[in-house]
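Note sheet for the following structure.
The values are calculated or read from the model by the stated rules, or taken from the named source; none is laboratory data. This structure is a prediction, so every number in the text was calculated from the model and none was measured. Using ideal geometry, Cβ is built from the backbone for each residue, glycine included, and neighbour counts are taken over all protein chains shown.
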Amino acid sequence: MTVKKIGEVTHYYEKIQVAIIKLSAPLKVGDSIKFKHADSEFTQTVQSLELEHQKIAGAKKGDEVGLKVDQPVKEKTAVLVA
């Protein structure tokens, strides 16, 4: 199984636990993604996506989307999909 980088965290809002991700490949609700930064990593399923404060079912390459995350993430954290 190949793991592919699909984006990178550009910002993290701690109070609301939302990461802003700049996508380099498509992403949709239901996808299983992995966040990896240095020695820390975790996997979660995409529950919802927002683009410019509007809920969307999927996003395309080049979009910057908001995504609720299960754990805090740092800027420049890689977002991967298997």
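Key figures
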| item | result |
| --- | --- |
| Index of the failed condition, Ile16 passing every other in (1) at pLDDT 95 or above; (2) in contact with a strand residue (DSSP E or B) (Cβ under 6 Å, 6 or more places away or on another chain); (3) of a type in the set (Val, Ile, Thr) | (2) |
| Selection status of Thr43, exposed (fewer than 14 other Cβ atoms within 10 Å of the Cβ), touching a Lys or Arg at 6+ places or on another chain (Cβ under 7 Å), in a strand (DSSP E or B) and touching a residue at least 60 places away in the same chain (Cβ under 8 Å) | no |
| Failed item, numbered, when Lys55 is tested on (1) loosely packed, with under 13 Cβ neighbours inside 10 Å; (2) outside any strand (DSSP E or B); (3) at pLDDT 95 or above | (2) |
| Within segment 71-82, tally of residues that are over 11 Å from the mean Cα position of the chain (by Cα) and surrounded by 12 or more Cβ atoms within 10 Å (Cβ to Cβ) | 3 |
